[in-house]
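Heads up: the structure comes next, in structure tokens.
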Amino acid sequence: MDPWIAEAAARIAARAPQELERLVAVSSPSGDVAGAEAAFAVAESLAPAGVRVQRSPCSSADHADDLILTLPGSAPRGRIMLLGHVDTVHSHEDHRALQDAGDTLVGAGSVDMKAGDVLALGVLRELAARPESFQEVALLLVCDEEWRAGGFVHAERFAGWDACLCFEGGELTADGDEAVVVQRKAAGTLQVLAHGRKAHSGSAPDKGANALLALASAAQAVATRHDPHGAERLTAVPTVINCGEAFNVVPGAGELLCDLRADDVNTFDTVLAALPERVDGVRLQSALLRRWPSMDSRAQTAPLLAEAAARLGRPIVGVSRGGASDASYMAPHIPVTIDGLGPRGGGAHTPDEYIVADSLRSRAEVALAIVAAALCG
């Protein structure tokens, strides 16, 4: 292993548990301005001296401004963007502070993705001591990744940079090799609104138009499109239904939400087209609330990963992942986009979300090896 990688990773890992405890202590659900501001304040306090602090409007309205930490270097080339988010899916009521469970560190947003943010900040600090190795390094932290309906306003700002490194949770391959994410599916949220007619369910049920039954029919229509082993690897999963007011009233309105994933974002249109417009007198109004692009940087990143593996002294394998990420928005603007650089863990979006403690060091090594390879490319 390159000596700088080993020494720098040890320094990052030594500080990481305490830094993660501070960041996880902040409850920052998507859309909560105060929580985002508190999380950004922690991030700023962990940044190296000499960093330029900027606030930029978030991609989503009514959110806190996003945070950009920029480090200028003295080299004529080498611009790397580090990417993360501080928002979580956990409400304030469900927030869980970081707990040391021995081999794991358990807490809200730990793997998705505050531990990754801590590693990114560690990388930024280590590069601050080597300004001769880069032209510019920027860390972008956003506060709306977990629920963003529109586009990503920051993408064009970094167009043409040499690499984008995103610190979502890491993983190992089935053979135990270090894995990073170089391919992601597109993601879509499908909404179906039902407009039916209320009626007394005991004395006049047939005078109503049952929105619940219509939404159930729509859910079945979505489920029939599910084809994870097909050409587009489409997953179409009904996930939430809200309908009905009382046990003795035919529901007159309701909402169905479905999660869609596929290699091509245009595949979602085939699901939309398969939905009926009316079911037994109930009008159905269908729309895609969000369309996250896919990402495929396998070819563009292969030489860099080979060089990074040589510096690391162990393999780094590019893999595919189904979950959505801001990296997908960056890949069209920065072809060398690599994700999944954060620590390993599990339980994302659940009360038992955790990271594997000893992966803080091993994944810091992976990130530093990729950074070194990118700057020497």
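The values are calculated or read from the model by the stated rules, or taken from the named source; none is laboratory data. Predicted, not measured: the structure shown is a model, and the values here were computed from it. All Cβ positions, even for glycine, are placed from backbone atoms using ideal geometry, and neighbour counts span all protein chains on display.
Summary of values
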read-out: Failed condition for R314, given (1) assigned to a loop (DSSP other than H, G, I, E, B); (2) modelled with pLDDT of 95 or more; (3) within 29 Å of G150 (Cβ to Cβ); value: (3)
read-out: Scope region 292-309; condition surrounded by 16 or more Cβ atoms within 10 Å (Cβ to Cβ) and part of a helix (DSSP H, G or I); matching residues; value: Q300, T301, L304, L305, E307, A308, A309
read-out: D144 vs. criteria modelled with pLDDT of 95 or more, surrounded by 19 or more Cβ atoms within 10 Å (Cβ to Cβ) and in contact with a Cys (Cβ under 8 Å, 6 or more places away or on another chain); value: yes
read-out: Subset of region 64-80 that is within 25 Å of the chain's Cα centre (by Cα) and crowded, with 19+ Cβ neighbours inside 10 Å - its residue that is farthest from S30 (Cα to Cα); value: R79
read-out: Number of positions in region 328-358 that are touching a strand residue (DSSP E or B) at 6+ places or on another chain (Cβ under 6 Å), acidic (D, E) and surrounded by fewer than 23 Cβ atoms within 10 Å (Cβ to Cβ); value: 0
read-out: Candidate set: region 3-25, residues that are under 26 Å from G107 (Cα atoms) and without any contact (Cβ under 8 Å) to a residue 40 or more places away in the chain; chosen: the one surrounded by the fewest Cβ atoms within 10 Å (Cβ to Cβ); value: Q18
read-out: Residues (under 18 Å from A9 (Cβ atoms) and crowded, with 19+ Cβ neighbours inside 10 Å) located in region 310-327; value: R311, L312, I316
read-out: When residues of region 50-59 are limited to those that are surrounded by fewer than 21 Cβ atoms within 10 Å (Cβ to Cβ) and touching a residue at least 24 places away in the same chain (Cβ under 8 Å), the one farthest from S325 (Cα to Cα); value: G50
read-out: From the options A39, A34, residue that is hydrophobic (A, V, I, L, M, F, W, C) and surrounded by fewer than 18 Cβ atoms within 10 Å (Cβ to Cβ); value: A34
read-out: Residue count, region 96-122 (criterion: modelled with pLDDT of 95 or more and in a loop (DSSP other than H, G, I, E, B)); value: 8
read-out: Among (1) more than 25 Å from the chain's Cα centre (by Cα); (2) touching a residue at least 40 places away in the same chain (Cβ under 8 Å) - the single one A273 does not satisfy; value: (2)
